Structures are given as C-alpha cells and as structure tokens.
Amino acid sequence: MIRALTPVAPLLLGITLLMFGSSLQGLLLPLRAQIENFGQPEIGLLGSAYFVGFTLGCFRGPRIVQNVGHIRAFAAIVALASCVILAHSLFVLPAIWWLLRGATGFCFAILFMIIESWLNEKSDNSSRGAVFSTYAMIVNGVGTLGQLTVATSDPQSFEMFAVGSILISLAAVPVALSRREAPAPIAEVRIRPMRIFRFSPVGFIGCLVTGLTNGAFGALLAVYALRMGFDTLDIALLAASPALAAAIVQWPLGWLSDKIDRRIVLIGAAAAACLAGLFLSFQGGGSPTAVFIGVIAFGCFSFPLYALAVAHANDFAAPGEMVETASGLLLIWSLGGVAGPIIASVAMSQGGASALFVFTAVAHAGLAGYTGWRITRRAAPAAEDRGRFTEAMVVSQTVGPVELTEPEEALED
C-alpha cells in the first residue's frame, strides 16, 4: 500500500487541501446567503451554478491542460479558485455569487481532471484500486472536516473565506514542487448520452435522479436546518454526518450488488432514501435528534445510488468503454445537479423547509418504481459478464473530459 501511494503522495496532499477548502465554502455560502436574506430560489441557484460551471469545466479543461501542461494549469486554476472564494466576501449579491459559484465549479472540474488523470497514469492495474480507494477516502473524509470547520467562526465574518482561500492556495505547493514527471496530455472522451440510455436505462435514470436529489440536498440542507432552528455547530455536524454514514454503508451495498441483481439493491436503497425523506419532511418542530437520524439514514441510502447506477451501466457497456460510460454518467449526474437545487428551492419557497425532502422522496420513489418496471423488461446479466462494484467505484471517481456526439448506431432495449 505505502509503495503504491508514494509516487502520488504530492497529488494526494494537494487534493486533501483542495477538499478542505472546497467543502468549507460549500457549507459556508448557503449559511451566509440565508443570513443575508437571499431568497429561496436565489440560494438554490448557487448550487445549480456550481454544476453548470462543473459541466463547462469538463468540456474546456482538456484544451487548457493541452496548451500549458498539467503543472502550470493546476497552479493557474488553483490561483483562480482561491481568488473566487475571497470575492464572495467582497460582493454579497445573488447575481455575483451565481457567477462566482459557476467559476468555482469550472475550476474544480479541471482540478479534479488534472489530479485524477495524474493518478491514473502513475498507478498500474495492481495498485489502481488502492490509489483510488485512498483518493475516495480523502475526498469524503476531508470534506467532512471542512464542513465541521465552519462551526469555528461566525459565517458573517471574513475569517472563513480567508481560511478557505489559504487552504486552496496551499494545494498548489506540493504539486508544483513535485519532482515527478507530469503525465501525458489529457485526451477527450467521446460521450453519447442516448447510447448510454439505450444500453442501460436504469444507469442513466439512476445517475440523473441522484444528481437531482443529492444536488438539492447539498445546496439546501443548511437552509432546511436553519429553518428548523439549528445553530452553526449543529448545522456543521448535520452536514458532515451523512457522508460518513454513506462511506460505511456503501461497501456492504456494493458487495451485495455483486452477488444479486444490482437493480434489486438499487430499488432497496432508493426506497429507503424515499422513506428517510418522508420522515424528514414531517420533522417540522421535531427534535434535533430525529432530524440527525433522518439525515444519516438519507445519506446511507441516497449517496451510494450513484456508484450502484454506474456499476449497473458498466455491466452492459462494451469492453473498453468503462471510462466513456462513467464520463457520460457523470455528465448526466451534473445536469441533474443543475436542475435539482432550482426545483427544490422553488418547492421550499412555496411549501416551506420540509418541501426539500418531499422533493427527494418523490424522486427516489420514481427511481425505485422505474427500476422495478425495468426488471420486468430485461433480465440481469450473467454473473460472468458483470464487473465488480469496486471497479465501478474506481472509475466513477474519475472526472472525464467530454465531447458530445450523436449515437452511431441504434441499440436494442
């Protein structure tokens, strides 16, 4: 394990600092927006703007890296992301914040792309699982710590914006000073969304619904908690808890999905997430403990749905198309992330804080129902034709540079 991680240690340190700063601002901004009396749809658009920028970054990132190289691109984009955080504290206006969040999404898509292509090239088949498992652990674990850090200062102060900027700036240091050879230029991956839908409707819809629900959850959980009377520390703990819970549950769900039809596991997880959403929607005036339990249950079953959907799609993907498929599903997930916060924020403005989880419950119920219907339409692939969940976990971590194309051929349903 140590031997496999040594060549990529500077990159892992860089992503640690990036995630610390990114997760900090991800919770700080909706808190500050609520304090500044932003409207509900205006706060929802902050989440949507991030995913718009993220999607654009997937398209434009490869050209930037090809022109100047990995290290220069990384240093330049880190500098831009650091400046963007500080700009939020200087221009507290919804329209400006939408542009800044879009810029943040654009930056982080490119940064993830650079780091992940580097990790891919510096690891081989025998070490890639260990490298990307460590990477995924850093993304989830450090993201949790970053959210908890928000509770150490007043969201109205400049301090947290400065801390986030410093952390992101420091991420460039280990990468820029690394003596390791930079990887080859990033190649664009052809994406055919309708082809993915034809060979894996459940994978397509699963990633879309997960983008809708998790995008809304991430963008608006802080608003929900403020409406419930939570203080900053409780909100930070509430935001951090579902990711940790999901990390524990994800691997057992993945193991089970390797043994039986993945769609059955997906139905069970979606139904459980639906029930957690319904439970939370009835917690207006309820106890904080009940809300914590509901949010943890939501994270346990909603967060793993993306990897389950990717694994199911990979079971039907042609040999050599895993990266193309995962990149396409990531794009679909991002589009869901654009729409989810907008829909949920409008629902909350009309129906109150609980409407957030009414929205997620309806979406998860739809996913469970659609997946059940698909089981009646097509049999599960044979065991020898299915990939392992761990392989899907590795490839689903990768931000693929994308190029949209039309399907070349029709596929049977």
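The values are calculated or read from the model by the stated rules, or taken from the named source; none is laboratory data. Everything numeric here is computed off the predicted structure, so don't read it as measured data. Cβ: placed from backbone, ideal geometry, glycine included. Neighbour counts: every protein chain shown.
Regarding ILE110, is this residue surrounded by 21 or more Cβ atoms within 10 Å (Cβ to Cβ) and touching a Cys at 6+ places or on another chain (Cβ under 7 Å)?
Values: surrounded by 21 or more Cβ atoms within 10 Å (Cβ to Cβ): yes; touching a Cys at 6+ places or on another chain (Cβ under 7 Å): no.
Judged against the criteria, ILE110 is not a match.
Conditions (1) assigned by TED's automatic domain parsing to the domain that holds ALA79; (2) under 30 Å from ASN67 (Cβ atoms); (3) in contact with a Cys (Cβ under 9 Å, 6 or more places away or on another chain), marked per residue:
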{"site": "ARG180", "(1), (2), (3)": "yes, yes, no"}
{"site": "ALA184", "(1), (2), (3)": "yes, yes, no"}
{"site": "PHE197", "(1), (2), (3)": "no, no, no"}
{"site": "PRO201", "(1), (2), (3)": "no, no, no"}
{"site": "CYS207", "(1), (2), (3)": "no, no, no"}
{"site": "GLY218", "(1), (2), (3)": "no, no, no"}
{"site": "LEU221", "(1), (2), (3)": "no, no, no"}
{"site": "ALA246", "(1), (2), (3)": "no, no, yes"}
{"site": "TRP251", "(1), (2), (3)": "no, no, no"}
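Pairs under 9 Å by beta carbon, first residue over 16 Å from GLN25 (Cα atoms) in the stretch 230-245, partner not aliphatic (A, V, I, L, M) and not in a helix (DSSP H, G or I), six or more apart or different chains?
Listed by first residue and then by second, the contacts come to PRO242/PHE303; ALA243/PHE303; ALA245/PHE303.
With the requirement that a residue be assigned to a helix (DSSP H, G or I) and surrounded by fewer than 18 Cβ atoms within 10 Å (Cβ to Cβ), what does the stretch 51-70 give you?
Filtering the stretch 51-70 for residues assigned to a helix (DSSP H, G or I) gives 51-68, 70.
Passing the criteria: LEU56, PHE59, ARG60, ARG63, GLN66, ASN67, VAL68.
Under 8 Å between Cβ atoms, which residue pairs at least 6 apart in sequence (or on different chains) link something in the stretch 148-159 that is surrounded by 13 or more Cβ atoms within 10 Å (Cβ to Cβ) with a partner that is outside any loop (DSSP other than H, G, I, E, B) and of a type in the set (Phe, Trp, Tyr)?
THR149/PHE20
Do the conditions hold for ARG179, that is, is it touching a strand residue (DSSP E or B) at 6+ places or on another chain (Cβ under 6 Å) and either of a type outside the set (S, T, N, Q) or part of a helix (DSSP H, G or I) (or both)?
Details: touching a strand residue (DSSP E or B) at 6+ places or on another chain (Cβ under 6 Å): no; either of a type outside the set (S, T, N, Q) or part of a helix (DSSP H, G or I) (or both): yes.
Spelling it out, it is not the case that ARG179 is touching a strand residue (DSSP E or B) at 6+ places or on another chain (Cβ under 6 Å) and either of a type outside the set (S, T, N, Q) or part of a helix (DSSP H, G or I) (or both).
Checking the conditions here, which among ARG180, ARG227 is more than 30 Å from GLU36 (Cβ to Cβ), touching a helix residue (DSSP H, G or I) at 6+ places or on another chain (Cβ under 9 Å) and not β-branched (Val, Ile, Thr)? Outline the logic, then answer.
Details: ARG227 fails: more than 30 Å from GLU36 (Cβ to Cβ).
Answer to the selection: ARG180.
Would you say ALA269 is within 24 Å of SER354 (Cβ to Cβ) and more than 16 Å from the chain's Cα centre (by Cα)?
Values: within 24 Å of SER354 (Cβ to Cβ): yes; more than 16 Å from the chain's Cα centre (by Cα): yes.
So ALA269 passes the test.
For the stretch 198-216, indicate whether the set of residues that are in a loop (DSSP other than H, G, I, E, B) and more than 23 Å from SER123 (Cα to Cα) is non-empty.
Looking only at the stretch 198-216, we keep the residues that are in a loop (DSSP other than H, G, I, E, B), and these are 200.
Those left that are additionally more than 23 Å from SER123 (Cα to Cα): 200.
There is at least one residue in the stretch 198-216 that is in a loop (DSSP other than H, G, I, E, B) and more than 23 Å from SER123 (Cα to Cα).
Can you pull out the residues in the stretch 322-351 that are touching a Pro at 6+ places or on another chain (Cβ under 8 Å) and of a type outside the set (S, T, N, Q)? Before the answer, list the steps.
Applying the first criterion (touching a Pro at 6+ places or on another chain (Cβ under 8 Å)) to the stretch 322-351 yields 327-328, 331-332, 342, 345-346, 349.
Passing the criteria: GLY328, LEU331, ILE332, ILE342, VAL346.
So for the stretch 348-361 (the condition being free of Cβ contacts under 8 Å to residues at least 24 places away in the same chain and either closer than 23 Å to GLY44 by Cα or not in a loop (DSSP other than H, G, I, E, B) (or both)), does at least one residue qualify?
Of the stretch 348-361, the ones free of Cβ contacts under 8 Å to residues at least 24 places away in the same chain are 350-351.
When the remaining residues are screened for being either closer than 23 Å to GLY44 by Cα or not in a loop (DSSP other than H, G, I, E, B) (or both), the result is 350-351.
Within the stretch 348-361, one or more residues are free of Cβ contacts under 8 Å to residues at least 24 places away in the same chain and either closer than 23 Å to GLY44 by Cα or not in a loop (DSSP other than H, G, I, E, B) (or both).
How about the stretch 41-50: which of its residues are surrounded by 22 or more Cβ atoms within 10 Å (Cβ to Cβ) and either out of contact with any Lys or Arg (no Cβ under 9 Å at 6 or more places or on another chain) or not in a helix (DSSP H, G or I) (or both)?
Of the residues in the stretch 41-50, the ones surrounded by 22 or more Cβ atoms within 10 Å (Cβ to Cβ) are 43-50.
Listed by number, the residues that qualify are ILE43, GLY44.
Taking the options SER117, SER123, name whichever one is surrounded by fewer than 21 Cβ atoms within 10 Å (Cβ to Cβ), assigned by TED's automatic domain parsing to the domain that holds ALA33 and in contact (Cβ under 8 Å) with a residue 60 or more places away in the chain.
SER123
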